[in-house]
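So the structure is just underneath, and the comments pick up after that.
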Amino acid sequence: PDIITVADLASRMAMRQTDLIKELMKQGHMVTANNTLDADTAQLIVEDMGHSVKRVSEADVEEGLIAPDRADAALKPRPPVVTIMGHVDHGKTSLLDAIRKANVVSGEAGGITQHIGAYQIEAPSGDKITFLDTPGHAAFTAMRARGANVTDIVVVVVAADDSVMPQTEEAISHARAAGVPMIVAVNKIDVPGADPNKVKTDLLRYEVQVESMGGDIQDVEVSALKKTNLDGLLDAIALQAEFLELTANADREAYGSVVEAKLDKGRGTVATFLVQAGTLKRGDIVVAGSEWGKVRALSDENGKPMKEALPSQPVEILGLGGVPEPGDQFVVVESEARAREVAEYRARVKREKQNAQSAGTSLEQMMAQL
Ligand code: GDP
Ligand code: MG
């Protein structure tokens, strides 16, 4: 919700805080400088005082930030972005690791044990696939809440020796809420007594009818441990992706989402971006959430330097002045001045929201108490 502190409102009205507070008290609002007002209340108060209001909303600052594609823009196919979800211990991490290891050329395997937020592989078919490792469903939800609807396909992993569990259900509802197609990966088929058919039957109760049960949701039986049928899973993903006809314009300033970011002692902010459109290059000026900077270096998930990053490609970048949050949007802007302006605006909005949460007493609450 749009909110403003009394102090901020005073400065925007070019009034002294004490004068505004006196004025508000006359109108019956008992406030201090740090109280927040919601935008509608603020507008009423200000208009009561004979001022006219021009609301500068988030939309005004954000508008035009991502320039629309030119009319002659060429949309080209882009790889799918896949998130693996499922109940704890059903094998999400094992599956992600197995797929990645199978794809890493020996000699490049250096950083393989470290956690990686996103990586891209080339399937045996030659198709590229990007995997996102959103640690837990909460991160997926948080990213979606920030408008980062980056996933094209959700792979729901269900262990064949455990079947459908609460977080399986959650994964199904997340995929549905996001409006993205599911693929069911029945994992751990190597476990003695594992019963893939029970999984498929149990899924019917959640209106998930897989192909082998006559439905239209693809299902594959795999073992992350034994590396059984990983190619079958990749084929299913490639097929689903083909059906989705995913495209993006690579020939524009890049924008996308922050997958993760951290502060590294030697290198400063290290952020993993997922490019959603455009081409990200060295020297680009980016705003990511309320941070900004000039892209100093790009590298892939194995630490190999990259010249540029294309749509659906995850990339680690150096150069941000601070650490953005997962799910924050990043966008390339034309100048440092513009980057600073946007970053400052976003930082202020964030601060105000935090203040509103911690300040406790909103004007409405105060009014209710009177
Ligand atoms: P996550 O919590 O969903 O990420 O699950 P993990 O990948 O951490 O796996 C949980 C446990 O199941 C680990 O001990 C894995 O070694 C084991 N596991 C994962 N996949 C398989 C599989 O295909 N077969 C067997 N037997 N064990 C598996
Ligand atoms: Mg895990």
Practice item. Heavy atoms only, probe 1.4 Å: what % of the accessible area of the chain goes to carbon and sulfur, would you let me know? Key: 50
Check your understanding: Which of Lys76/Lys200; Lys227/Lys281; Lys128/Lys262; Lys76/Lys188; Lys262/Lys350; Lys128/Lys281 have a Cα-Cα distance over 29 Å?
Key -> Lys76/Lys200; Lys227/Lys281; Lys76/Lys188
Point to revise | Residue-span extension gain [Lys101 to Asp251] - 0.36 nm each, minus C-alpha spacing | key: 50.8 nm
Review point. Helix 92-103 versus the longest principal axis of the chain: what is the Cα-based angle in degrees, 0 to 90, to the nearest 10?
Key: 60
Practice item. Give the angle, between 0 and 90 degrees and rounded to the nearest 10, that separates the Cα long axis of helix 39-48 from the longest principal axis of the Cα atoms of the chain. Key: 20
Study note, to complete from the structure: quick shape note, the stretch 229-292: Cα extents on principal axes in Å, largest first -> 41, 29, 19
Revision key, fill the gap. Phi angles of the stretch 166-180, converted by Karplus (6.51 cos²θ - 1.76 cosθ + 1.60, θ = phi - 60°) into ³J(HN,Hα) in whole Hz with x for Gly and Pro, give x, 6, 5, 4, 4, 4, 4, 5, 4, 4, 5, 4, 7, x, 10
**Study point:** Fraction of antiparallel bridges per DSSP, the chain only, in percent to nearest 5
**Key:** 70
Exercise for review: Hey, can you grab everything whose amide H is under 5 Å from the amide H of Thr5? Only 5+ residues off in sequence or another chain; H modelled, so Pro and N-termini drop out.
Suggested key: Leu37
Review point. Under a point-charge model restricted to the Cβ atoms of Lys and Arg (+1) and Asp and Glu (-1), what is the dipole moment magnitude of the stretch 182-299 relative to its Cα centre, in debye to the nearest 20?
Key: 840
Study note, to complete from the structure: Which residues qualify? For Leu320, with a placed amide H closer than 5 Å and at least 5 residues away or on another chain, they are Thr269
Exercise for review: Rounded to the nearest 10 degrees, what's the angle between the helix 230-244 long axis and the longest principal axis of the chain, both from Cα atoms, 0 to 90?
Suggested key: 50
Review point. Which three extents, in whole angstrom, do the alpha-carbon atoms of the chain cover along their principal axes, largest first?
Key: 77, 48, 44
Check your understanding: How do Thr93, Thr141, Thr151 rank by accessible surface area computed with a 1.4 Å probe, from largest to smallest?
Key -> Thr93, Thr141, Thr151
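The values are calculated or read from the model by the stated rules, or taken from the named source; none is laboratory data. Computed from a predicted model, the values in this text were never measured in an experiment. Please note: Cβ atoms are built from the backbone with ideal geometry, for glycine as well, and neighbour counts cover all protein chains shown. Side chains are part of the model used for accessible areas, which takes the heavy atoms of the whole protein and leaves out ligands, DNA and RNA. Shrake-Rupley method; radii C 1.70, N 1.55, O 1.52, S 1.80 Å.
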